[in-house]
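To keep things clear, I will list the structure first and then write my remarks on it.
Every number in this text was worked out from the coordinates using simple rules, so none of it is lab data. Keep in mind that this is a model prediction, so the values were computed, not measured. Note that we place each Cβ from the backbone using ideal geometry, even for glycine, and neighbour counts take in every protein chain shown.
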Amino acid sequence: MEVPLNARSRREPWPKISIEKLTQSFGDLTVIDRLSLGVADGEFLAIVGPSGCGKSTLLRVIAGLAPPTAGRVRIDGVDVDGPDPRRHLVFQEHALYPWRTVYKNVALGLEIERQKPEKVKRKVAGLLTLVGLEQFAKYYPHQLSGGMRQRAALARALAMEPDVLLLDEPFGALDAMTRLTLQDELLRIWLDSRKTVVLVTHDVEEALVLADRVVIMTTVPGRIREVIPVTEKRPRDRGSASLAALKRTVLGILGIEPVIGNVRVPDTNFSI
Amino acid sequence: MAVIRKAVWIAAVAYLVAGQAFAAEKLRVAYVHVFDDAPVVIARDKGFFASEGLDAQVTMFTSGPTLVKGLVTDQSDLGVLGFTNAITWAAQGADLKIIGKVQEGYHSLVARNDRGIKSLKDLKGKSLASQAAGSTADIVLKGVVLKSAGLTDKDVNIVYTAPSTALASLRSGRVDAAFLFEPYDSIAKASAPVTEIYEIGKVWPFPCMVVIVPGRLTRERPEAVKKSLAALRRSMEFMKEKPAEAARVLAPSFMAEEGLAMEGKTIAPEEIMLKSLKTNIFDWRLGKNDLSRMEELTGVMKTLGILKEDVPLSSVVDLRWQTELERQKR
Amino acid sequence: MADRVGTAEAVARGGAAGFWHAWLVRILPYAVALLAILAGWQLSALLFPAYLIPPPRKVFSRLIEELGRPAFLVTLGRSFYRLAVGFVLASALGIAIGLLCGIWKFFRRAVRALVSILQSVPPIAWVPLFIVLLGFGDAPIILVIIIAAFFPMTVSVMNAVEQVDGLHLDVARVLGADRAQLVAKVYAPAVVPAIVTGAQVGFGNAWRSLIAAEMVGGVNVGLGWFINFAGEIADMTAVLAGILVIGLVSALLDGLVLERLKRRLLRWKYL
């Protein structure tokens, strides 16, 4: 399904990220089927969908970690042909290096770029303060909580000053309260820097609270089912009626009917 | 019928009784795989053990020190090896007896022509391949040969290795010199550019290979001791009277592994055997000179730090059977 | 770690008595094992003549005597020298080849095949061949040590390289790392635990092969040579003293040196 670009992006000649008829298969299994999508510069896009619908794979292709089986992916008009620090992918499992301290982990990308040590020091210190981890610079990942680790991963991502930030269910493994805190942090950071963000999540509320548009994907093969624009001004009230209505809509599209606070799984007699 | 049965019975019993009387006495004989111990091989292969009424189970060892451990742990009854092995173990308290001689020490020091070694003194700083560390040959090398040139084992780089390896190293030039006995000595001279610069038998004759038995054997089976000495004496006489035949008998035992393909020169194994027979002195009697040499060498062992205490030779040497055999003019 | 906690707890609970109790619990198994060995030894010494099995007392005093003799220290030092050279070379080689295997699939398969064939040959079986090829002296011994220590290290590192977390590699790639940086920043630190394991196993092999090779021949100094020579001149006391040295050195080097090294390198795990 062709997706028109939203109003804001009409200012730009090209979308920041342009995905054209992307098909991704692993052997016989087609995970993504002729998907086309445009993401505007500075846009916050969320992708929701059931598990296994190729959301993660899509991010990996955009990040350049996997070459497209068919179709093309362009960033700034140029085909993606490999990973690049300017489009950073944050994984669900924090993937911090256990043998490095928090400081060293955040500094990793800068080390790879062979930046000068003083510059690295300054940047890392600033980022740690940004994500609230200044006290824990000398700690090792296994000494931190899940939420702190994800913050470190975020700091590591931001150290590279990427134009495009790809997030693959970054808060999926965290508890509800930490999730809310980190969602707010992410929003704060984005509002500050206006990077192009693509967030993959299974948490519909999260998508609605953060994104400009919410893309709903179907499962195998992965296609775009629907795109819901969210025009409310941020920060958005989670408890508002409009948000709740949008949530019901999205869930409905996903095939999940809420039954007065419960969720009834279709085609069965269960209520959860 | 009854008569025949009885006759059979009597015959059977008589046979058994007679058989016992004539049954060969079992004896576990051990020797070191060196030409110095040729008399043992002759005794085995020419049946001299058997003709003395001994059922000899002959085992070969690669070195004297290894062999003597079998004597001390009751795995062998009789051994032919370097006499110092009896001394070292007697010093520790083992009950071993030297009862006869087999061979006088023959060890020649051969040096490669291209290493500038003309006399023993030139060995300083050079490499020398020798036999098992701690063996009689080794003790003689350090305490007599090197000493005579004013050298110690620190001045010469001695490598301890099997004789065939020593030979190969000498040929390939990996060592400058080697301390060899027969047949390796003859082979070396025939196949490598070497010169003999010293032979101990010429300068300092000493009893090398002797017959050693556990003390227990002399007390419990004196007849076996006498018979084995007699068999060995016959061997040595045979080797003197019929050297050509002896050479033929010995060739398979001592030349088999050498393989005589040596840089174009082919030498018949028997020739090497004959040469070795000529250069070695085989004698079954320990005389006064032998005993005084043994005393000297025991002193050398003490100087080298191998013996911590004195070992009176009289406690180890027991020449009763030798004396008996001398009287018996077979 | 648990021991230390236990000690602290014990102290908190029972003061000085608690401390001694905890310490005793830790030391007791070793003490019992050692006593059992000594008892067995003393028993055999009673059953066998002294020239075959000397009693522990005699061997210990001989050991102390030997440690005071410069000739013995020189011989021991030579063994250490061979061990050091061989072990360091083997480890370096093992790590390098193990890492290479991680990056290059063809190389990995080739090395695996080579390892499976050669690994089963006992290192000292090579000694006669090496003496012929390299002559007498330290070279054949060191080569044997290298073979003994190389395989465990290579296999350990190779396996660790294969098991490196793909996620870690993706992170580095996304951050723009090239192949060399992948090796240096992901593979190398990730395989450090495997290197330590490989070193510990390899060290045991190296020490054992060193002694064995020195006994087989071609040398005139070294701990293995010392034991061999003593055996040849009926000096069983020295033989057992030498064996004691083998055990002590191994325990010291492994327990003190290697263990310390492990804790330093894997600080991040133990903190």
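A few comments on the model shown:
- Spacing of the two label points (7 Å from each Cα toward its C-beta) at B:THR323 and B:ALA268, in nm: 4.6 nm
- Of all DSSP beta bridges in the protein assembly as shown, antiparallel share, percent nearest 5: 55 percent
- Across the alpha-carbon set of the stretch C:89-239, the Rg to Rh ratio works out to 1.13, Rh being the Kirkwood radius.
- Placing a pseudo-label 7 Å from each Cα along the Cα-to-Cβ vector at C:ALA71 and C:VAL88 gives an inter-label distance of 3.0 nm.
- Average silhouette area of the stretch A:94-161, convex hull of alpha-carbon atoms, in square nanometres: 3.9 nm²
- Only Cα pairs under 8 Å and 6+ residues apart enter the sum, and on that basis the relative contact order of chain C stands at 22 percent.
- Classified by the C-alpha gyration tensor, the stretch C:169-271 has a prolate form. Its axis ratio a/c, with a ≥ b ≥ c, is 1.5 or above, and a/b is larger than b/c.
- Taking chain A as a Gaussian network of alpha-carbon nodes connected by springs under 10 Å, the highest mean-square fluctuation of the residues A:LEU251, A:LEU182, A:LEU154 belongs to A:LEU251.
- Residue among C:VAL171, C:PHE60, C:GLY217 farthest towards the positive dipole end of chain C, charges placed on Cβ: C:VAL171
- Of the trypsin sites (Lys or Arg not before Pro) in the stretch B:182-252, not one is in a loop by DSSP (not H, G, I, E or B) with at most 10 other beta carbons within 10 Å.
- Using θ = phi - 60° and Karplus 6.51 cos²θ - 1.76 cosθ + 1.60, couplings along the stretch B:288-303 (whole Hz; Gly, Pro as x): 4, 4, 4, 5, 5, 4, 5, 4, 4, 5, 4, x, 4, 4, 5, 4
- 3J(HN,Hα) along the stretch C:73-85, derived from phi through the Karplus expression 6.51 cos²θ - 1.76 cosθ + 1.60 where θ = phi - 60°, amounts to 5, 4, 4, 5, x, 4, 4, 4, 4, 4, 4, 4, 4 Hz, with x in place of Gly and Pro.
- Residues in the stretch B:54-69 carry Karplus couplings, in order, of 10, 8, 8, 9, 9, 10, 9, 10, 8, 7, x, x, 5, 4, 4, 4 Hz; the curve used is 6.51 cos²θ - 1.76 cosθ + 1.60 with θ = phi - 60°, and Gly or Pro positions show x.
- When the convex hull of its Cα atoms is projected in every direction, mean area for the stretch B:117-163 (nm²): 3.0 nm²
- Working from Cα pairs under 8 Å separated by at least six residues, relative contact order for the stretch A:91-168 is 48 percent.
- Using the empirical formula 2.2 N^0.38 Å as the baseline, the Cα radius of gyration of the protein assembly as shown reaches a ratio of 1.48.
- Length-normalised contact order for chain B - Cα pairs under 8 Å, 6+ apart - percent: 26 percent
- Selected from C:ARG26, C:ARG208, C:ARG109 as most flexible by GNM, with chain C as the system and alpha-carbon contacts under 10 Å: C:ARG26
- Prolate/oblate/rounded label for chain C (Cα gyration tensor, a/c 1.5): oblate
- When both bridge partners sit in chain B, DSSP labels roughly 55% of those beta bridges antiparallel.
- Extent of chain B along its three principal axes (Cα atoms, max minus min coordinate, largest first): 90, 51, 33 Å.
- Point-to-point label distance, A:MET177-A:ARG236, nm (Cα→Cβ direction, 7 Å offset): 2.5 nm
- Computed about the Cα centre, the dipole magnitude for the stretch A:94-161 is approximately 120 debye when only Lys and Arg (+1) and Asp and Glu (-1) carry charge, each at its Cβ.
- Extents of the stretch B:108-203, taken as max minus min of Cα coordinates on every principal axis and listed largest first, are 30, 27, 25 Å.
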